[in-house]
1. Suppose the chain between residue 26 and residue 160 were pulled fully straight at 0.36 nm per residue; how much longer would it get relative to their current alpha carbon spacing?
2. Which percent of the accessible area of the chain is formed by carbon and sulfur heavy atoms (probe 1.4 angstrom)?
3. Answer with one residue from 75, 143, 130: the one whose Cα lies farthest towards the positive end of the charge dipole of the chain, charges on Cβ with Lys, Arg +1 and Asp, Glu -1.
4. If one computes the Cα centroid of the stretch 8-67 and of the stretch 187-237, what distance in Å separates the two points?
5. Alpha carbon centre of the stretch 90-109 versus the stretch 169-184: separation in Å?
6. On a 0 to 90 degree scale, rounded to 10, what angle separates helix 188-197 from the longest Cα axis of the chain?
7. Using the Karplus curve 6.51 cos²θ - 1.76 cosθ + 1.60 with θ = phi - 60°, work out ³J(HN,Hα) for each residue of the stretch 313-321 in order, rounded to whole Hz, and write x for Gly and Pro.
8. For the pair residue 316 and residue 182, how long in nm is the line joining their label points, each one 7 Å along Cα→Cβ?
Amino acid sequence: MAILVTGGAGYIGSVTVELLRAKGERVVVLDDLARGHRDAVPSDVSFYQGSVGAAELVGRIAREHELESCIHFAALACVGESVTEPARYFDNNVRQGIVLLDSLLKAGVRRLVFSSTCAIYGEPEQIPISEDHSQQPTNPYGWSKLFMERIMESYDRAYALKFVALRYFNACGATENRGEQHDPEPHLIPNVLACAEGRLTAVSVFGNNYPTPDGTPIRDYVHVADLGEAHILALKHLRDGGESERLNLGNGYGYSVLEVIETAREVTGRPIAFKFEPRRPGDPSRLVADAKKVRTLLNWQPEFSDLASIIRSDWQWRLNQHRT
Ligand SMILES: NC(=O)c1ccc[n+]([C@@H]2O[C@H](COP(=O)([O-])OP(=O)(O)OC[C@H]3O[C@@H](n4cnc5c(N)ncnc54)[C@H](O)[C@@H]3O)[C@@H](O)[C@H]2O)c1
């Protein structure tokens, strides 16, 4: 029996494939390579280039590999892009997501781990944010993920689809062989390190007058290997007959943008210039998870929770990649 990993050529998906294989799991990857990298998937893993909205392809994969579950990472995930291209985001993340769910059910697959996001909460009313916080996304990307959660809830009631929606806060860091390489790159740490490498002249810091100690936004950073581990635990929960769940994945404390830049200067020993730019609409001042539920329910214990270790892992990966 195999696990279908959609988006397995992307950042978090490829790291999770690495961890699954280390545990002896059989994995099949489906990715359209719109944002992923073929070489992030080991050559001995079955790989299908195609979209999760291709029902016949998913049906064929299910027949060829005897699927027992799916980890669904595949999505477009840039907040700003979703504001200017909402149709593309709802088509890719929601319409195609529904086709995937229907194709899985048709093939008898009823276990799904889903990549959700803290963007479903919108502007926080209290910090830390717990799973029952109100959900009012401030952009189409966040809505696309919230719609999928609601659809999966209905599918659970009607068709007994069991799912765990993992609401990630900020994924970051790298393993020895896999790291974050997006184009465009919307995330802070890769841009900060691109600066340290000399590939970028200055990091843009959006807003310096937020109600935080240094005026820049505060985010909860989670190492990608810890995220990957949570998917394995979520799958175990479903295999053991667990109910559907929605779980925050964060470390429970936050760092400001300026703290990230300062830590990266210390870790790399290189200068990192930054420039202040206007706030981005819909960027909350603080996003920090209340992650007690995932720790209790799945016994998830993040290994790399401090910022310096996270940045060091990413820097080391970049040095290996580019021989900076
Ligand atoms: N990176 C983060 O900080 C973060 C935070 C919260 C949630 N997430 C979610 O986690 C998931 C993975 O994020 P990531 O950072 O690894 O992104 P990524 O872009 O690196 O990976 C996504 C992968 O999915 C593929 N893909 C996209 N649409 C597809 C489709 N319709 N059919 C087949 N393949 C498709 C892309 O080619 C890519 O390889 C996404 O669902 C994202 O929304 C990420």
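The values are calculated or read from the model by the stated rules, or taken from the named source; none is laboratory data. As the structure is a computational prediction, the values presented were derived from the model and not from experiment. Methodologically, a virtual Cβ is constructed for each residue, glycine included, from the backbone with ideal geometry; neighbour enumeration extends over all protein chains shown. Note: areas computed on protein heavy atoms with side chains; ligands, DNA, RNA excluded. Shrake-Rupley method; radii C 1.70, N 1.55, O 1.52, S 1.80 Å.
1. Values: separation 134, 0.36 × 134 = 48.24 nm, distance 2.40 nm.
Using 0.36 nm per residue and subtracting the Cα-Cα distance, I get 45.8 nm.
2. Values: 6690 of 13690 Å².
After summing per-atom areas, the C and S share lands at 49 percent.
3. Value computed over the given set: 75.
4. Going from one Cα centre to the other spans 26 Å.
5. 26 Å
6. Once rounded, one gets 60 degrees.
7. Per-residue couplings from phi come out as 5, 5, 5, 4, 5, 5, 4, 5, 5 Hz.
8. About 2.4 nm, to one decimal.
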